[in-house]
Amino acid sequence: MSEKTVKDLINNGLEERPDLFLIDLKINSDHKISVVIDGDNGVTVEDCVFVSRAIENDLDREEVDFSLDVASAGATSPLINERQYKKNIGRTLEVKAKPDLKIEGELTEVDEAGVTLEWTTKEPKPVGKGKIVVNKQAKIMYDDILEAKVIIKF
C-alpha cells in the first residue's frame, strides 16, 4: 500500500466535499494510516467518518492488513495550509518566523504570499517621559513562518 494510493483515495473523496482538505498523511511500516483533515467550517465526527470510508472502501484488508485513524486538526495545532489561515482571519495568532521574530497579533489578511498581523504595543514617547500606544502591522511570508498557532482566549 503506497502513500500515493491512499492520497489519491482521500483526494477522490474530498472532491465530493470541497469544504474539507488534507493536512497530513502518514503511513508507518506496520500499515497504520494516520490522516489529519481540516475544513473551512471546522470538522465534525461525520466528516472524519466520511474520509475514513473514502479510504476503506477501496482498500482490501485481505491484501494488506491496515489500521486507519482519521482526525481533525486540533485547535492548538500549528497552521500549515493557506486555507487554515483564511478560516482564522480575525483571530489572534502567535507566529514564530525567520530570522528571530515572534509576534502575537490579529490575523487581518491572507494572500498567496503570506499573512498580515496587526497588534498594539506601548512604546516610549518620541519626546518626554512615558509611553504611548502604537498600532503595528507586519506582513509575514509563508516561507518565513516557522510556526503559527491560534491563541485561544477565555
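Report, by residue number, each residue of the stretch 104-142 that is β-branched (V, I, T) and either within 20 Å of N81 (Cβ to Cβ) or in contact with a Phe, Trp or Tyr (Cβ under 6 Å, 6 or more places away or on another chain) (or both). Show your work before the answer.
Applying the first criterion (β-branched (V, I, T)) to the stretch 104-142 yields 108, 110, 115-116, 120-121, 127, 132-134, 140.
Selection gives T108, V110, V115, T116, I140.
For the stretch 102-137, enumerate the residues that are within 16 Å of R91 (Cβ to Cβ), of a type in the set (A, V, I, L, M) and touching an Asp or Glu at 6+ places or on another chain (Cβ under 8 Å).
I103, V110, V115, L117
Given G105, G13, G74, G114, which one is farther than 20 Å from E147 by Cβ and not hydrophobic (A, V, I, L, M, F, W, C)? Show your work before the answer.
Working: G105 fails: farther than 20 Å from E147 by Cβ; G74 fails: farther than 20 Å from E147 by Cβ; G114 fails: farther than 20 Å from E147 by Cβ.
Within the list G105, G13, G74, G114, the selection yields G13.
What is the one condition in (1) more than 23 Å from D24 (Cβ to Cβ); (2) without any contact (Cβ under 8 Å) to a residue 24 or more places away in the chain; (3) in a strand (DSSP E or B) that F154 does not satisfy?
Just one mismatch for F154, condition (3).
The rows are residues; the columns are (1) out of contact with any Pro (no Cβ under 6 Å at 6 or more places or on another chain); (2) among the small types (G, A, S); (3) without any contact (Cβ under 8 Å) to a residue 12 or more places away in the chain.
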{"site": "I89", "(1), (2), (3)": "yes, no, no"}
{"site": "E104", "(1), (2), (3)": "yes, no, no"}
{"site": "E112", "(1), (2), (3)": "yes, no, no"}
{"site": "E118", "(1), (2), (3)": "yes, no, no"}
{"site": "K125", "(1), (2), (3)": "yes, no, yes"}
{"site": "K129", "(1), (2), (3)": "yes, no, yes"}
{"site": "I132", "(1), (2), (3)": "yes, no, yes"}
{"site": "A138", "(1), (2), (3)": "yes, yes, no"}
{"site": "K149", "(1), (2), (3)": "no, no, no"}
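Among the listed residues V115, V70, identify the single one that is touching a Lys or Arg at 6+ places or on another chain (Cβ under 8 Å), modelled with pLDDT of 90 or more and not aromatic (F, W, Y). Spell out the reasoning first.
Numbers: V70 fails: touching a Lys or Arg at 6+ places or on another chain (Cβ under 8 Å).
Only one candidate qualifies: V115.
The values are calculated or read from the model by the stated rules, or taken from the named source; none is laboratory data. Nothing here was measured: the structure is a model prediction, and the numbers come from that model. Methodologically, a virtual Cβ is constructed for each residue, glycine included, from the backbone with ideal geometry; neighbour enumeration extends over all protein chains shown.
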